[in-house]
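J.: Input: one structure, supplied below.
The values are calculated or read from the model by the stated rules, or taken from the named source; none is laboratory data. Keep in mind that this is a model prediction, so the values were computed, not measured. Positions of Cβ are backbone-derived with ideal geometry, glycine not excepted, and every protein chain shown enters the neighbour counts. Side chains included, ligands, DNA and RNA excluded: accessible areas come from the protein's heavy atoms. Shrake-Rupley method; radii C 1.70, N 1.55, O 1.52, S 1.80 Å.
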Amino acid sequence: MPSSTPPRWQRSKTKLFLAAALAAASPVAALDLASQYQAEPHLSPLPRTDAERARINAVAAPATDFSAPEQFEDLPAGAATVRARADDEAFSQHSANLSFEQELEFKLGNGLFKKIWVFSPSSTKASDGLGPLYNARSCQRCHLKDGRGHVPEQPDYASTTMFLRVSTPGPVPPELQEITDYIGTAPDPNYGSQLQDFSAPGIIPEYKLQVDYEEFEVALNGNETATLRRPSYTAANLAYGPLAEGAMLSPRVAPLMIGLGLLEAIPASDILAHADEADADGDGISGRANLVWSPEFNRIMLGRFGLKAGAPTVHQQSAGAFSGDIGISTPLFPAHAGECTDLQAACQSAPHGGADFRETEIDQPNMDLVTFYSRNLGVPARRGADAPQVLDGKRVFYDTGCASCHVPKYVTHRLADRAEQSFQLIWPYSDMLLHDMGEGLADNRPEARATGSEWRTPPLWGIGLTQQVSPRATFLHDGRARTLLEAILWHGGEAEAAKSRVVDLPPEDRATLIIFLESL
């Protein structure tokens, strides 16, 4: 690289500050289409002063010195950071800065997150309504110990932590037609928006998930190799007829749950400051915001949650999971039959748990408890942030360009009503934007603005403890990567250049990069 070309971290820094400066002058003209949808009705932020903005810009600037940790780097969630436990409860602690009363609220939410739902009719009126079709009987059975799920094992392929989403090409809803690049989809007429492999007695499950792998080797610099596995997915034993013509399937493994409230509290303008849809700086990295409909607030909002950023808030993501994964009706998604389609007569007519003393199978006060719990699962402290190998791996992380998408840090909104997430310096290592990850990772199923090869940059905090919490957990959206190195080697598209740099690294640098990731 010519000496006149600034290093990648410097170009990322320039991109951030240029976008921030332009946004201050003219938000709509400076940024992309998403700038018109920065409203955050789920938050009550206080305005930032000029002095605060200057401080935040300085604190959030990319690292330039890799001889020592940055200030507060060992506290990835700021004052909400929890101690790093050495057991499988590492992701199940409440944020460290909750009040005594909030701890009680968290524990009540935890009880609902773990609750095993039962079929209707049942004498357990507060817990009935499961299904009739479902993927899991509780939130915890998908998000094992609040961590990642895993792929199903042969020979029976039964899994409560992975499923297939499904959709067909469809029209753009009227309320979204102002988003000119929104991609219209529709549920499969026989199977809905996701396939369920469990059911109530007397009702046939929709399918059985089958995963097959083809292994191949990748050569690495230094006479090393890595073995990757290319998955193929089969919706076997389809019980309600064939999938519709043009049906698109997408495998999903349950992601870990930590730090969600802090991600929700990042100012939309700070996320959009990293967007560069036309790649104006020529670094090969664009980054686009997903824009989605919020039935909660009846408006278009910035997508933040889900593997393609398809949900704007923790509450909507949680309510959608109750409906699709467990078949539990909520005030936001009140269909008692969950994902059952109109063509599934037995499912539609099955007993449900909303008939007696409640309108939906989980009511809003209990949904609020689940949402509070989901917002406040604590992020564990860094381990060994000052270790020489970790610091050297951090340098490699920047030098290879990983920080261009996995943006290290933000300062959350100053919030009037959420002190636990208010004005915290956090280190999620994500820009929260969509990136084209290439054909190798493409599911070829769009979601809102996200194309079939685009994914939201996943946060990396806690990634080093993933397999401590759940030894069977694997990485990427479909769990194909068994190690962090395998996950890196699947990167393509906008990340192809960064992946190639990792391939070309001397073995010792590649090893320190993994050590750095394991410290997060």
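J.: Quickly run through the range 364-389 and pick out the residues that are open to solvent by 10 Å² or more (accessible area, probe 1.4 Å) and not in a loop (DSSP other than H, G, I, E, B).
T.: Of everything in the range 364-389, those that are open to solvent by 10 Å² or more (accessible area, probe 1.4 Å) and not in a loop (DSSP other than H, G, I, E, B) turn out to be Gln364, Pro365, Asn366, Asp368, Leu369, Phe372, Arg375, Pro388, Gln389.
J.: Another question about this same structure. Among the residues of the range 400-427, count how many are in contact with a strand residue (DSSP E or B) (Cβ under 9 Å, 6 or more places away or on another chain) and among the small types (Gly, Ala, Ser).
T.: Final tally of qualifying residues: 2.
J.: What is the number of the single condition among (1) farther than 30 Å from Leu33 by Cα; (2) in contact with an Asp or Glu (Cβ under 7 Å, 6 or more places away or on another chain); (3) open to solvent by 10 Å² or more (accessible area, probe 1.4 Å) that Ser193 does not meet?
T.: (1)
J.: Run down Ala58, Ala34 and say which single residue is of a type in the set (Gly, Ala, Ser) and surrounded by fewer than 18 Cβ atoms within 10 Å (Cβ to Cβ).
T.: Among Ala58, Ala34, only Ala58 is of a type in the set (Gly, Ala, Ser) and surrounded by fewer than 18 Cβ atoms within 10 Å (Cβ to Cβ).
J.: Which residues, counting only those in the range 286-313, are open to solvent by 10 Å² or more (accessible area, probe 1.4 Å) and part of a loop (DSSP other than H, G, I, E, B)?
T.: Once the filter is applied, which keeps residues that are open to solvent by 10 Å² or more (accessible area, probe 1.4 Å) and part of a loop (DSSP other than H, G, I, E, B), the range 286-313 yields Ser286, Pro295, Glu296, Phe297, Asn298, Gly306, Leu307, Gly310.
J.: Just a yes or no: is a residue in the range 362-379 among the charged types (D, E, K, R), at pLDDT 95 or above and closer than 30 Å to Leu485 by Cα?
T.: yes
J.: Could I ask something else about it? From the list Ala473, Ala487, exactly one residue is touching a helix residue (DSSP H, G or I) at 6+ places or on another chain (Cβ under 7 Å) and of a type in the set (A, V, I, L, M). Which is it?
T.: Ala473
J.: Which condition number in (1) acidic (Asp, Glu); (2) within 27 Å of Leu256 (Cβ to Cβ); (3) in a loop (DSSP other than H, G, I, E, B); (4) open to solvent by 60 Å² or more (accessible area, probe 1.4 Å) is the one that Glu178 fails?
T.: Here Glu178 meets the rest and fails (2).
J.: Among the residues of the range 74-93, write down those that are out of contact with any Pro (no Cβ under 7 Å at 6 or more places or on another chain) and crowded, with 18+ Cβ neighbours inside 10 Å.
T.: If the condition is that a residue be out of contact with any Pro (no Cβ under 7 Å at 6 or more places or on another chain) and crowded, with 18+ Cβ neighbours inside 10 Å, then Leu75, Pro76, Ala77, Gly78, Ala80, Thr81, Phe91, Ser92, Gln93 are the ones that fit.
J.: Give all pairs with beta carbons closer than 7 Å in which a residue from the range 481-502 that is of a type in the set (Lys, Arg) meets a residue that is open to solvent by 40 Å² or more (accessible area, probe 1.4 Å); count only pairs at least 6 apart in sequence or on separate chains.
T.: Lys499/His491
J.: Continuing with this model, one more query. Can you name every residue in the range 230-278 that is in contact with a strand residue (DSSP E or B) (Cβ under 6 Å, 6 or more places away or on another chain) and of a type in the set (Ser, Thr, Tyr)?
T.: Of everything in the range 230-278, those that are in contact with a strand residue (DSSP E or B) (Cβ under 6 Å, 6 or more places away or on another chain) and of a type in the set (Ser, Thr, Tyr) turn out to be Ser232, Tyr233, Thr234, Ser250.
J.: Let me ask something else about it. Take Ile271 and tell me if it is assigned to a helix (DSSP H, G or I), open to solvent by less than 10 Å² (accessible area, probe 1.4 Å) and at pLDDT 95 or above.
T.: Taking the combined requirement at face value, the residue satisfies it.
J.: In the range 324-353, how many are assigned to a loop (DSSP other than H, G, I, E, B) and either open to solvent by 10 Å² or more (accessible area, probe 1.4 Å) or in contact with a strand residue (DSSP E or B) (Cβ under 8 Å, 6 or more places away or on another chain) (or both)?
T.: Residues in the range 324-353 being assigned to a loop (DSSP other than H, G, I, E, B) and either open to solvent by 10 Å² or more (accessible area, probe 1.4 Å) or in contact with a strand residue (DSSP E or B) (Cβ under 8 Å, 6 or more places away or on another chain) (or both): 20 in total.
J.: Being over 17 Å from Ser167 (Cα atoms), part of a strand (DSSP E or B) and not hydroxyl-bearing (Ser, Thr, Tyr), is that true of even one residue in the range 186-193?
T.: No; the residues of the range 186-193 include none that is over 17 Å from Ser167 (Cα atoms), part of a strand (DSSP E or B) and not hydroxyl-bearing (Ser, Thr, Tyr).
J.: For Ala321, state whether it is open to solvent by 20 Å² or more (accessible area, probe 1.4 Å) and in contact with a Cys (Cβ under 8 Å, 6 or more places away or on another chain).
T.: It is true that Ala321 is open to solvent by 20 Å² or more (accessible area, probe 1.4 Å) and in contact with a Cys (Cβ under 8 Å, 6 or more places away or on another chain).
J.: Mind telling me which of the residues Thr168, Thr161 ends up being in contact with a Cys (Cβ under 6 Å, 6 or more places away or on another chain) and of a type in the set (Ser, Thr, Tyr)?
T.: None of the others qualify; the one that does is Thr161.
J.: Can you tell me which residue among Val218, Val211, Val253 is open to solvent by less than 50 Å² (accessible area, probe 1.4 Å), modelled with pLDDT under 95 and not small (Gly, Ala, Ser)?
T.: Val211
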